[in-house]
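The block underneath contains the structure these notes are about, expressed in structure tokens.
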Amino acid sequence: MLTPRPSRAKRAFDIVASAGALVVLSPVLLLAALAVRLESRGPVFYASWRVGAGYRRFRLFKFRTMYPDADQRLKDLAHLNQYAAPVSAPTGCPDCARLGAEAEGATCSPLLVGDAGAVVCEAAHRRQQAAGPAFFKLQNDPRITRVGRFLRNTSIDELPQLVNVLRGDMSLVGNRPLPLYEAEQLTADGAVARWMAPAGLTGLWQVTQRGTGEVSPQERIALDNTYAERHGLGFDLRLILKTVPALFQSENV
């Protein structure tokens with residue numbers, strides 16, 4: 001797929017706005033970097049591969065919000081081990097409940113740990129994957145630092161992405177750039193339209209759904225497709241004006 005190019009007006013606005021924001025927010029960026037470094041050793045920034053417009057891959061920058069030994073911390077929690085014993089603990093899925101009625105403490109399958117450290121039965125996870133949800137978010141991640149939790153709740157961890165905007169990897173407003181494994185699940189006809197819009201630091205679903213409760217994968221795809229149909233400088237400016245009050249709502253998305 002060819003990478004869609006933003007309009008000249010949109011790109012010019014991205015360059016001016018991101019450069020200006022980096023200058024104005026430089027004290028916040030410096031304080032955040034200092035806080036990350038003081039709380040735990042390791043790099044201040046984190047870079048991960050993401051997929052943007054036209055399925056183009058790029059390295060997305062964030063402040064590091066997890067401990068450097070995050071994976072080891074999970075391994076040290078025996079009951080949260082990635083492949084725990086099938087009878088370690090029920091997780092509340094329907095199959096566990098059914099088995100629990102027959103044999104107390106039994107689980108339907110080995111337990112897995114999600115991206116954020118929460119336990120889920122493998123069978124339930126496989127069914128969820130088969131059903132097609134591309135977005136999967138868990139809470140109470142033991143790998144997140146105290147500073148990292150604050151940075152995430154205030155979205156300050158996202159500010160280094162202004163560098164991505166300045167480089168042209170993404171836009172200030174657009175659909176969220178997705179990790180590779182999530183992008184692979186959004187290649188069907190119902191979701192392919194989202195890739196015709198640029199990736200963005202903020203976007204339609206973040207502004208309209210933040211703080212309103214859990215957003216289903218289908219709702220997020222629909223909002224992404226809507227933005228792809230309507231995106232342009234005028235629409236982007238309206239979303240930017242709505243972004244600031246949205247930051248003060250509880251993060252659900």
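Values in this text are rule-based calculations from the coordinates and carry no lab data. No experiment lies behind these values; they were computed from the predicted model shown. Here Cβ is always computed from backbone atoms with ideal geometry, including for glycine, and neighbour counts include all displayed protein chains.
Annotation: amide H of TYR46 within the under-5 Å range of LYS62, PHE63, ARG64, sequence separation 5 or more or interchain, hydrogens built in the peptide plane. Projected label points at ASP69 and SER7, each 7 Å from Cα along the beta carbon direction, are separated by 5.3 nanometres.
Can you tell me how much longer the chain between ILE240 and ARG167 gets when fully stretched, taken as 0.36 nm per residue apart minus their C-alpha distance, in nm with one decimal?
Values: separation 73, 0.36 × 73 = 26.28 nm, distance 1.96 nm.
That works out to 24.3 nm of additional length.
Counting 0.36 nm for each residue step from THR154 to VAL23 and taking away their Cα separation leaves a gain of 45.2 nm.
Spacing of the modelled spin labels on SER40 and ARG59, each 7 Å from Cα toward Cβ, amounts to 2.1 nm.
Count the net charge of all other residues whose Cβ sits under 14 Å from the Cβ of ARG11, scoring Lys and Arg as +1 and Asp and Glu as -1.
Numbers: positive: ARG5, ARG8, LYS10, ARG167; negative: ASP14, ASP169, ASP236.
Here the count lands on +1.
The gain in end-to-end length when the TRP49 to LEU233 segment is fully stretched comes to 63.6 nm, 0.36 nm per residue minus the alpha carbon separation.
Each Lys or Arg adds one and each Asp or Glu takes one away; over the other residues whose Cβ falls under 15 Å from the Cβ of LEU237, this sums to +3.
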